[in-house]
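Undergrad: This structure is in structure tokens; I'll ask about it shortly.
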Amino acid sequence: MTFVSNGISIERWTKSSRVALGSMAAVLILLIFAPAVLGAGAIDRMTALFIYVILAAMWNALAGFGGLVSVGQQVFFGLGAYFTIRLADAGLDPFVSIFAAAIVTGALSIPLSLFMLRLKGGEFAIGMWVVAELAHLLVNLDRLIQGETGTSLISLNVYDSGTRRATIYWLALASMAALLGALFMLMRSRAGAAMQAIRDNEEAATSVGVRVIATKRLLFVLAAFGIAIAGGLWLATATTFQPKTYFSVQWTAYMIFMVLVGGIGKFEGAILGAILFFVIETFFGAAGVWYLIGLGATALIFSLYLPRGLWGEIERRFDFQLLPVGYRLKLPGPTKIKWKE
């Protein structure tokens, strides 16, 4: 949509963004048919990619758009997997359990937000890590889980391997598309503008009537719900659940890496970062500890020399966005003001 007054135009959609949206829709449709043409290994890797995109997008939503930097988002990843195990053990279909578990995790994040959103900056970041460790310890007390020994999502065995693999792939694809779509629409709404105002200056946002805590809570719960879905989907692909694996801070480290490299606060950045991380993991994941050292060094280099991330640099150099969540003011003549989010 474009508004024009006295030669000054305010744009939200551009030709390139419309083409990008149409291209993404076409790619999603083509991906639906991938299980019919790709092998089992390729389907498993594509499923992992979809989960990485979900994780990156949810952490970027929380930190990049909401200014809530957390190093404890693994709590929702672990709880999503844990409640999937619990609900499936109670007799619920394992695939239904994934989304039911995400709803339970999202519901639990509401009372949690009453305490955590009172914290700011580093206090919030470390506070979330403490919550993750506490949740880890509590899950270990469940006799079904058997401590760090863990358990398996044995109810998936009622499906043959081909059906199971394809179903998990389609669920991951649908979840990624739905969460990205919901986040995109949210960030383009008045609530999204309020979130970014809070990120930029919380006191100023409060002074113009933004409901700070309620707005933060919306983003906090959405991120918890999305990451819980990712945890449940990862469990479905791995089938085994060990608390120390799912509640590991390594998951949040991966989220941070993807967002830093792709571009924090950029909708496209999280997607690009997830793809880059996926490629790096595919080719260098077998390198063990050197792979992790490489990830850390790469993140450090980007933080020092490319703080905007790859997509941020593309946007700065070429004034180019595919999926804008802000507005652009264009003045008469060759001069224009860049996108404002």
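Undergrad: How large is the accessible surface per residue of the chain, computed with a 1.4 Å probe and reported in Å² as a whole number? Write down the numbers at each step before the final one.
TA: Working: 16000 Å² over 341 residues.
That works out to 47 Å² for each residue.
Undergrad: In nm, give the distance between the simple-model label positions of residue 280 and residue 21, each being 7 Å from the Cα along the Cα-to-Cβ direction.
TA: 3.2
Undergrad: Also, I was wondering about something else. Give me the percent relative contact order of region 178-273, please, defined on Cα pairs under 8 angstrom at least 6 residues apart. Don't skip to the end; give the middle numbers.
TA: Details: 41 pairs, mean separation 13.5, N = 96.
In percent, rounded to a whole number, it is 14.
Undergrad: Could you tell me whether region 10-67 comes out rounded, prolate or oblate from its Cα gyration tensor? Rule is a ≥ b ≥ c as square roots of the eigenvalues, rounded for a/c under 1.5, then prolate if a/b exceeds b/c, otherwise oblate.
TA: Values: a/c = 5.20, a/b = 1.36, b/c = 3.82.
Oblate, because a/c is 1.5 or more while a/b does not exceed b/c.
Undergrad: Given bins 20 angstrom wide, list per bin the percent of all Cα-Cα distances in the chain, short to long.
TA: Values per bin, smallest distances first: 30, 58, 12, 1.
Undergrad: Using a Gaussian network model of the chain whose springs link C-alpha atoms within less than 10 Å, name the residue from 158, 69, 210 with the highest mean-square fluctuation.
TA: Maximum among the listed residues: 158.
Undergrad: Using 5 Å bins from zero, what percent of all Cα-Cα pairs in region 15-143 falls into each bin?
TA: 2, 9, 13, 17, 17, 15, 12, 10, 5, 1, 0, 0
Undergrad: In angstroms, what radius of gyration and Dmax does region 159-217 have, counting Cα atoms only?
TA: Taking only Cα atoms of region 159-217, I get Rg and Dmax of 18.3, 58 Å.
Undergrad: Given Cα pairs under 8 Å that are at least 6 residues apart, what percent is the relative contact order of the chain?
TA: Working: 499 pairs, mean separation 103.5, N = 341.
Relative CO of the chain lands at 30 percent.
Undergrad: Roughly how many percent of the accessible protein surface of the chain is carbon and sulfur, given a 1.4 Å probe and a whole-percent answer? Could the numbers behind the result be given before it?
TA: Values: 11010 of 16000 Å².
Reported share for carbon and sulfur atoms: 69 percent.
Undergrad: I want to verify a result. In a Gaussian network model of the chain, Cα cutoff 10 Å, which of these has the top mean-square fluctuation: 141, 180, 260?
TA: Largest GNM mean-square fluctuation: 141.
Undergrad: Another one. Evaluate the Kirkwood expression for the hydrodynamic radius of region 87-201, namely the inverse of the mean inverse distance over all pairs of different C-alpha atoms, and round to one decimal in Å. Working shown, then result.
TA: Working: mean 1/r = 0.0569 Å⁻¹.
Taking the inverse mean of 1/r over all distinct Cα pairs, region 87-201 comes out at 17.6 Å.
Undergrad: Mind ranking 85, 103 by accessible surface for me, highest first, 1.4 Å probe? Intermediate values should be presented prior to the final figure.
TA: Details: 85 5, 103 110 Å².
Highest to lowest solvent-accessible surface, that is 103, 85.
Undergrad: May I pose another question? Anyone know which of 67, 147, 263 comes out most mobile in the 10 Å Cα GNM of the chain?
TA: Result for the chain, Cα springs under 10 Å: 147 fluctuates most.
Undergrad: Still on this structure, I have one more. Probe radius 1.4 Å, ligands and nucleic acids left out: which of 271, 314, 98, 154 has the largest accessible area, and how do the rest follow?
TA: Numbers: 271 35, 314 55, 98 0, 154 120 Å².
Largest to smallest exposure gives the sequence 154, 314, 271, 98.
Undergrad: Considering every pair of different Cα atoms, what Kirkwood radius, in Å, is found for region 204-297? Spell out each step's value before the answer.
TA: Details: mean 1/r = 0.0640 Å⁻¹.
Across region 204-297, the inverse of the average 1/r is 15.6 Å.
The values are calculated or read from the model by the stated rules, or taken from the named source; none is laboratory data. Note that the structure is predicted; figures quoted are calculated from it, not measured. Cβ atoms come from the backbone with ideal geometry, glycine included; neighbour counts cover every protein chain shown. Heavy atoms of the whole protein, side chains included, go into the accessibility calculation; ligands, DNA and RNA do not. Shrake-Rupley method; radii C 1.70, N 1.55, O 1.52, S 1.80 Å.
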